Amino acid sequence: MLDQTTTAFIFPGQGSQAVGMGLELAEQYPVARQTFEEADALLGFPLSKLCFEGPEEELTDTINAQPALYVAGIAALRTLYEELGEPFTPAFVAGHSLGELTALTAAGALSFPDGLRLVRRRGELMKAAGQHSPGGMAALLGLDIVRVEAICAAAREETGGIVVVANDNCPGQVVIAGDEETLGVAMKHATEAGARRVVRLPITIAAHSPLMARVAEDFRAALAETPFHRPIIPIIGNTQASPLTTEEEVRAELGDQLTSPVRWTESVRAMLDAGVTTFVELGSKDVLSGLLKRIDRSTKRYVVDSPEGIARLLQA
């Protein structure tokens, strides 16, 4: 069985969405199905149908992908808790970008209804920012963050535009975000610098970049209206890679996160340094588990996005 003192629950962000997400859990476990039904009622449209059946283009749209991932994460979490059959409190929770809001709900800092409404608003605002200031994101593989920062600086100087480090995901995988022209120049420079791969991501916005600044105040207003509580499980924040302990810290973190990089490598290392050896990824796909393998191969990693995943975890 899992050891509460050495286990962390982690939740994926945008890019992990996939048609069929949550379907197997909803078909087999009533609590998962009820979570999707609750979300449909709260949002006033069948998000569950979009998750289960697509179409992919509509699911990938920022305004839908964010609530889809949030609901899939909570459905997986509730199912796992029910199947464990006894109280379980992990040592830490954390989420990558959008996943941070799922983690906050897991930590008791945000109710499911309030979290879902906030996630939907976040998606609306980020989509609006993307429409006003078009951009995108790309993963650079095989280059360290210092080299990537230099590449971004050179691209900005060349175009006068915006491109920055958005996610420090793991050693050898850094994600950049920016306007279309400057992002393209940076991708070209990365290839010339010997990147193993340069991959444009299926994300329709330049998240965690200055291109989100125009909606940051609107999102802070939404945060101010949202009831938060002191986390009952330690949560490692993206922007500081350190624990969020108060409601004020949570609101500040979420507000800053729109325009600040996700320091995922440092966040994971903070949990490792605190004694975590086992990570359970809840929601959709196994993206974070792949990153964990690159950060520390000795970690135990479980993915809870299907009945098979739950069975493997319960047998551990």
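Could you look through the stretch 1-41, keep only residues that are assigned to a helix (DSSP H, G or I) and of a type in the set (D, E, K, R), and pick out the one that is nearest to Arg269 (Cα to Cα)?
For the stretch 1-41, the residue satisfying everything is Glu24.
Which pairs turn up if I take residues in the stretch 278-291 that are assigned by TED's automatic domain parsing to the domain that holds Met21 and look for partners that are part of a loop (DSSP other than H, G, I, E, B) and aliphatic (A, V, I, L, M) with beta carbon separation below 7 Å, at least 6 apart in sequence or on another chain?
Short answer, once both residue conditions are applied: Thr278/Leu2; Ser284/Ala18; Ser284/Met21; Lys285/Ala18.
This table checks each residue for (1) out of contact with any Pro (no Cβ under 6 Å at 6 or more places or on another chain); (2) aliphatic (A, V, I, L, M); (3) without any contact (Cβ under 8 Å) to a residue 24 or more places away in the chain.
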{"residue": "Ser111", "(1), (2), (3)": "yes, no, no"}
{"residue": "Val119", "(1), (2), (3)": "no, yes, no"}
{"residue": "Ala129", "(1), (2), (3)": "yes, yes, no"}
{"residue": "His132", "(1), (2), (3)": "yes, no, no"}
{"residue": "Ala138", "(1), (2), (3)": "yes, yes, no"}
{"residue": "Leu141", "(1), (2), (3)": "yes, yes, no"}
{"residue": "Arg147", "(1), (2), (3)": "yes, no, no"}
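For the stretch 149-165, name all the residues that are farther than 28 Å from Arg220 by Cβ, of a type outside the set (Gly, Ala, Ser) and either without any contact (Cβ under 8 Å) to a residue 12 or more places away in the chain or assigned to a strand (DSSP E or B) (or both).
Glu157
Among the helices (runs of 4 or more DSSP H) lying completely within the stretch 42-97, list those that include at least 3 residues that are under 20 Å from the mean Cα position of the chain (by Cα) and either more than 16 Å from Leu116 (Cα to Cα) or among the β-branched types (Val, Ile, Thr) (or both).
Fully inside the stretch 42-97 and qualifying: 56-60, 62-84.
Please determine, by comparing only the residues of the stretch 175-205 that are assigned to a helix (DSSP H, G or I) and polar (S, T, N, Q), which one is surrounded by the fewest Cβ atoms within 10 Å (Cβ to Cβ).
Thr191
Considering Asp168, Asp218, which residue is in a helix (DSSP H, G or I), of a type outside the set (A, V, I, L, M) and modelled with pLDDT of 95 or more?
Result: Asp218 is the single residue among Asp168, Asp218 that is in a helix (DSSP H, G or I), of a type outside the set (A, V, I, L, M) and modelled with pLDDT of 95 or more.
With Ala26, Ala76 as the choices, which residue is within 17 Å of Lys285 (Cβ to Cβ) and crowded, with 24+ Cβ neighbours inside 10 Å?
The conditions single out Ala76.
Mind listing whichever residues of the stretch 244-263 are of a type outside the set (D, E, K, R) and buried (at least 17 other Cβ atoms within 10 Å of the Cβ)?
Leu244, Val250, Ala252, Leu254, Gly255, Gln257, Leu258, Thr259, Ser260, Pro261, Val262
Would you mention how many residues in the stretch 57-110 are farther than 24 Å from Glu24 by Cβ and of a type in the set (Val, Ile, Thr)?
So the count comes out to 3.
The values are calculated or read from the model by the stated rules, or taken from the named source; none is laboratory data. Note that the coordinates shown come from a computational prediction; the quantities given were computed from them, not determined experimentally. Glycine also receives a Cβ, built like all others from the backbone with ideal geometry; neighbour counts cover every protein chain displayed.
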